[in-house]
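Engineer: What follows is a single structure, and I will ask about it in a moment.
The values are calculated or read from the model by the stated rules, or taken from the named source; none is laboratory data. Quantities reported herein were computed from a predicted structural model and do not represent experimental measurements. The protein model used for the area step is the full one, side chains on, heavy atoms only, and it has no ligands, DNA or RNA in it. Shrake-Rupley method; radii C 1.70, N 1.55, O 1.52, S 1.80 Å.
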Amino acid sequence: MLATMGVMGLAPSAEASVTPAFRPPERPCYIEGAWTSPRYGTAGYNLLLQPAGRVYFAGDWLSHEVAWQHGAFVAARSAVSALHQRVMAG
């Protein structure tokens with residue numbers, strides 16, 4: 001879309017030959033739950049911090065830095081550390 005807009009301003013005759021790489025949807029789609037603020041310390045939140053058998057959860061939403069790469073890193077490090085402790089314990 002931006003490429004098409006740029007071509008329209010610079011070379012209107014080339015507009016038909018440019019195919020935009022991205023076309024916004026007619027109606028925007030929203031991901032429900034983005035930019036959440038989980039209630040730290042609740043039973044549900046604490047449950048997600050615990051492994052479910054051999055499955056460990058990690059993500060920015062399981063840290064105090066929601067919606068940041070740092071939060072995802074902190075949660076991943078916590079999950080990997082817990083997994084490492086389990087493996088080392090035998």
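Engineer: For the range 40-69, name all the residues that are open to solvent by 80 Å² or more (accessible area, probe 1.4 Å) and within 12 Å of the chain's Cα centre (by Cα).
Structural biologist: Hits for the range 40-69 are TRP61, TRP68, GLN69.
Engineer: May I ask you to list the residues in the range 46-72 that are of a type in the set (D, E, K, R) and within 21 Å of ARG86 (Cα to Cα)?
Structural biologist: If the condition is that a residue be of a type in the set (D, E, K, R) and within 21 Å of ARG86 (Cα to Cα), then ARG54 is the only one that fits.
Engineer: Restricting attention to the range 40-69, which residues are outside any loop (DSSP other than H, G, I, E, B) and among the hydroxyl-bearing types (Ser, Thr, Tyr)?
Structural biologist: Step one: filter the range 40-69 for residues outside any loop (DSSP other than H, G, I, E, B), giving 43-49, 52, 55, 60-62, 69.
The answer is TYR45, and nothing else.
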